[in-house]
1. With Cβ to Cβ distances under 13 Å as the rule, what net charge do the other residues near G107 carry (K, R +1; D, E -1)?
2. Kirkwood Rh and Cα-based Rg: tell me the resulting Rg over Rh for the stretch 2-133, rounded to two decimals.
3. Report the gain in length on full extension from I176 to N148: 0.36 nm times residue separation, minus Cα-Cα distance, nm rounded to one decimal.
4. Excluding residues fewer than 8 places away in the same chain, name every one of the lysines whose C-alpha is closer than 29 Å to that of K49.
5. Just to be sure I understand the model, the point goes 7 Å from the Cα along the line to the Cβ. What's the resulting E88 to R162 distance in nm?
6. With a point put 7 Å past each Cα toward its Cβ, work out how far N80 is from Q4 in nm, to one decimal.
7. FRET efficiency for T61 and F103, Cβ-Cβ distance as r, R0 = 22 Å, nearest 0.05?
Amino acid sequence: MDQQRHNLKLLEAQSHNSMPETLFGSNWEAHAVKVYTHEVFFDFQKEVKFSVNACSVCGYTPPDPKELTNFEVSIVEDANKRKRYAIEYNRRTMDVRCACKLFERKGILCNHIIWICSGKFKEIPEKYILRRWSKNALRNPVYDLNGNLLENNDLTVIVSLRCLVWSEIYATVDLIL
């Protein structure tokens, strides 16, 4: 367990103190290198590469003003997979969905969405940056039992709170037995 914590701290330090190289010069890639951990950034960078090298728009349906819809649908052809994917973009909520469902499965945007939306937004929309993949995933605030924010995540207070919680758990279990 100590080895895992040590490795986690090393990866966190590496993620905060170094920057991987950006290869494509896109705004989204520059934003991703700032917010994602290294490993997730490299996965995202692969999607950027595929969007540049393998995607092309082969169909577009604009929003219908008669039906008062805010949806526009683009059909993107993926040369790598030899398939076409529909990307739905809601102009009002700025939600985007792709038929490949990569974001729903892995938590990073697919090359199809990157291809369509990198022209619409300067940066990756905040709602599509999952906290668990961000550099700040481990930097959550710590609260005491009364809900007060602990300053600087004081380790001695955290350890004593943990001990207090476990002693309460053991006392409750003893009452049941």
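1. Summing Lys and Arg as +1 and Asp and Glu as -1 gives +2.
2. Numbers: Rg = 16.6 Å, Rh = 16.0 Å.
Answer for the stretch 2-133: 1.04.
3. Taking 0.36 nm per residue and subtracting the Cα distance, the gain is 7.0 nm.
4. Correct list for K49: K34, K81, K83, K101, K106, K120, K122, K127, K135.
5. 4.5 nm
6. 3.1 nm
7. The calculated FRET efficiency here is 0.55.
Each value in this text was obtained by applying a stated rule to the coordinates, not by laboratory testing. Keep in mind it's a predicted model, so treat the numbers as computed, not measured. Please note: Cβ atoms are built from the backbone with ideal geometry, for glycine as well, and neighbour counts cover all protein chains shown.
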